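Participant: After the structure tokens below, expect a handful of questions from me.
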Amino acid sequence: MEYFVKSGNPEKQRVACVVVGIFERRSPSEAANVIDKGSDGVIASVMRRGDMDGKLGTTVILHNVPGTFADRVMLVGLGRERSFDETAFRKASTAAARALRTTGAIDAVSYLTHIPVKGRDFQWNVAQAVLATTDVYYRFDECRGAKAREALPVQKLERYTFDVPRRFDLPAGEKGLNEGLAIAAGVSLAKDLGHLPGNICTPTYLAEQAKKLAASYTPIKTKILEKADMEKLGMGALLSVSRGSRQPPKLIVMEYMKGRKNEKPIALVGKGLTFDAGGISIKPAAAMDEMKFDMMGGASVFGTMKAIAELKLPINVVGIVPASENLPDGDANKPGDIVTSMAGITIEVLNTDAEGRLILCDALTYAEQTYQPSFCIDMATLTGAVIIALGSVASGLMTNHPALGRALLGAGEQVGDRAWELPLWPEYDGNIASEHADIANIATKGAREAGTIIGATFLHRFTKNMKWAHLDVAGTASIGKRATGRPVPMLVQYLINQAARRPAR
Ligand code: BES
Ligand code: MN
Ligand code: ZN
């Protein structure tokens, strides 16, 4: 599908479908009004008959509306005009895309992008409309059989245009389109990697995908650290997790250096646990398949690298993905084992299922020692506790640098991929005290308390020298059997904002 931005009159569009909004209490948007007038009140009569009352997210499709050149006119409920906000805009855009998908229309023009959203501009409207639409149209069929793939319904919509009110608004609209499409490409890559099952998407597979990314985008350079390299670096924590698996671990490094020569990069470190069975502290069987999503933090690094390469952002970024499986084996970590991390900190592995922090701590030390990043952000499906705390609405954010936290929270708000901050106070430090090692990998007091903060507290032992933020995305990166692509939008928006703050050279 191709997306466009234009500025034109709704009644003059020669397309298969024109999309216009209706506010609650039967109050048509401007574009709907124009069509209503030109058709001698077709829309008014639909509303009078009670088929469209403007309730947010409802849709009605009309055919052969007089006074227009379009085959169809879709009415989309927008809810109360006074409360038409960012969420409402996204819901209306999603509803329009879902309804479009059920029609045979091959092209469409939407006027929903005309509707003002408080505090946002047309660049935002178009970007959000693109993100909502690409989300609806996303499918994952790579793993279906040849016959089933042939029989898949064809996707009819080929061209979707988002209209802006004035020619003057076109540059903003184009910018929104460009950013929206780049983020969508990153989200889609992250989703694909997530949906691939553990037997296909192994650490080795992820490493190959990184090489592919470097082959497609010249500014991206990939480096893969093998088990032997990790041994040399003393990554005893990462290696201890992969000992339980027959798949060799990989430390995937992707450099994108399009900023100023001497500017330190922003490091993105993503948990790439391609399947988490828990290890010897094995997980219960129910829904264990969903632990194929335990690499979504890593997948978001891939998606973000792709998006910033598409946007050619003038910025230095390094993506680091420690990749491993966590399985029970004769050589696996055992509860009570003590391992030595690259930082020299010894760790008592009291629960082999708290493996994310073990692979991340060495990757974070590697990031610090190799790049001295200006900022370091890690993304991980780290704790079930964050799902209890925040559900699938917000990712958990913890940071040792308030300004970085604010920048990430703001970027998330901007793009509809929100996080909520949890504290990282020193009062929690004592909870990971170990009897015989420097620290334990789970709480040694208050067993079920503050699980998400304890995870971050552990990581913080390895990030004291960096301006660092941790995103726990266990609740947001996937919902049930579906990957969402989060936190790619937040990360890309953050990097777009960073690039805008300091233009190159
Ligand atoms: N990958 C899991 C966290 C997770 C749980 C992600 C549910 C998505 C859905 C992580 O490795 C894990 O097992 N964490 C443990 C930590 C505990 C042992 C301290 C958890 O949250 O139960
Ligand atoms: Mn685990
Ligand atoms: Zn895990």
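The values are calculated or read from the model by the stated rules, or taken from the named source; none is laboratory data. In this text, all values refer to a predicted model and were calculated from it rather than measured experimentally. FYI the Cβ positions are ideal-geometry reconstructions off the backbone, even for glycines, and counts take in every protein chain you see. When the accessible area is computed, the model is the full protein with side chains, heavy atoms only, and any ligands, DNA or RNA have been set aside. Shrake-Rupley method; radii C 1.70, N 1.55, O 1.52, S 1.80 Å.
Participant: Part of a loop (DSSP other than H, G, I, E, B), open to solvent by less than 40 Å² (accessible area, probe 1.4 Å) and not β-branched (Val, Ile, Thr): is that true of Gly8 in this structure?
Facilitator: So Gly8 passes the test.
Participant: Can you pull out the residues in the range 257-281 that are in contact with a Ser or Thr (Cβ under 8 Å, 6 or more places away or on another chain), assigned to a loop (DSSP other than H, G, I, E, B), on the phi < 0 side of the Ramachandran plot and within 16 Å of ligand 3 (Cβ to nearest atom)?
Facilitator: Result: Lys271, Ile280, Ser281.
Participant: Step by step: first the residues of the range 326-343, then only those that are open to solvent by 40 Å² or more (accessible area, probe 1.4 Å), in a loop (DSSP other than H, G, I, E, B) and touching a residue at least 24 places away in the same chain (Cβ under 8 Å), then the one that is farthest from Arg246 (Cα to Cα). Which residue is that?
Facilitator: Across the range 326-343, the extreme among qualifying residues is Ala343.
Participant: Taking into account only those residues within the range 282-319 that are away from ligand 3 (no atom under 14 Å from the Cβ) and among the basic types (Lys, Arg), which is nearest to Pro335 (Cα to Cα)?
Facilitator: Per the stated criteria, the residue is Lys306.
Participant: When the residues of the range 280-325 are narrowed to those that are among the hydroxyl-bearing types (Ser, Thr, Tyr) and open to solvent by less than 10 Å² (accessible area, probe 1.4 Å), which ends up nearest to Gln247 (Cα to Cα)?
Facilitator: Of everything passing the filter in the range 280-325, Ser324 is nearest to Gln247 (Cα to Cα).
Participant: Another question, if that's okay. Are any residues in the range 333-355 aliphatic (A, V, I, L, M) and within 14 Å of ligand 1 (Cβ to nearest atom), and if so, which ones?
Facilitator: Hits for the range 333-355 are Ile347, Val349, Leu350, Ala354.
Participant: Considering Val130, Val164, Val126, Val154, which residue is of a type in the set (Val, Ile, Thr) and either open to solvent by 30 Å² or more (accessible area, probe 1.4 Å) or not assigned by TED's automatic domain parsing to the domain that holds Arg80 (or both)?
Facilitator: When all the criteria are applied, what remains is Val154.
Participant: At least 3 residues that are open to solvent by 10 Å² or more (accessible area, probe 1.4 Å) and farther than 17 Å from Val321 by Cβ in each: list the helices (runs of 4 or more DSSP H) lying fully within the range 354-447 that qualify.
Facilitator: Fully inside the range 354-447 and qualifying: 385-390, 402-415.
Participant: Next question. So which residues in the range 1-54 are over 28 Å from Tyr137 (Cβ atoms) and either outside the structural domain of Leu75 (by TED's automatic domain parsing) or of a type in the set (Lys, Arg) (or both)?
Facilitator: The answer is Arg25, Arg26, Lys37, Arg48, Arg49.
Participant: Evaluate the range 218-238: report whether one residue or more is within 29 Å of Lys481 (Cα to Cα) and in the same structural domain as Asn333 (by TED's automatic domain parsing).
Facilitator: yes
Participant: Out of the residues in the range 69-90 that are open to solvent by 50 Å² or more (accessible area, probe 1.4 Å) and part of a helix (DSSP H, G or I), state the one that is nearest to Arg101 (Cα to Cα).
Facilitator: Top of the filtered list is Arg90.
Participant: Here's another thing I want to ask about it. Looking only at residues that are open to solvent by 70 Å² or more (accessible area, probe 1.4 Å) and of a type in the set (D, E, K, R) in the range 91-123, which one is modelled with the lowest pLDDT?
Facilitator: Among residues in the range 91-123 that are open to solvent by 70 Å² or more (accessible area, probe 1.4 Å) and of a type in the set (D, E, K, R), the one modelled with the lowest pLDDT is Lys118.
Participant: Any residue in the range 234-255 that is in a strand (DSSP E or B), within 27 Å of His195 (Cβ to Cβ) and within 16 Å of ligand 1 (Cβ to nearest atom)?
Facilitator: No: zero hits.
Participant: Just checking, how many residues over the range 170-227 are assigned to a helix (DSSP H, G or I) and more than 16 Å from Ile308 (Cβ to Cβ)?
Facilitator: Here the count works out to 23.
Participant: Filter the range 448-473 for residues that are closer than 18 Å to Asp353 by Cβ, assigned to a loop (DSSP other than H, G, I, E, B) and open to solvent by 20 Å² or more (accessible area, probe 1.4 Å) and give the result.
Facilitator: Selection gives Arg448, Glu449, Ala450.
Participant: Of the conditions (1) basic (Lys, Arg); (2) modelled with pLDDT of 95 or more; (3) over 18 Å from Val386 (Cα atoms), Arg418 satisfies every one except a single condition; which number is it?
Facilitator: Only one criterion in (1) basic (Lys, Arg); (2) modelled with pLDDT of 95 or more; (3) over 18 Å from Val386 (Cα atoms) is unmet by Arg418, namely (3).
Participant: Report, by residue number, each residue of the range 259-276 that is crowded, with 24+ Cβ neighbours inside 10 Å and under 17 Å from Asn199 (Cβ atoms).
Facilitator: Gly272, Leu273, Thr274, Asp276, listed by residue number.
Participant: Here's a follow-up. Output yes when any residue across the range 419-442 is within 16 Å of ligand 3 (Cβ to nearest atom) and more than 15 Å from Thr476 (Cα to Cα), and no when none is.
Facilitator: Scanning the range 419-442 turns up at least one residue that is within 16 Å of ligand 3 (Cβ to nearest atom) and more than 15 Å from Thr476 (Cα to Cα).
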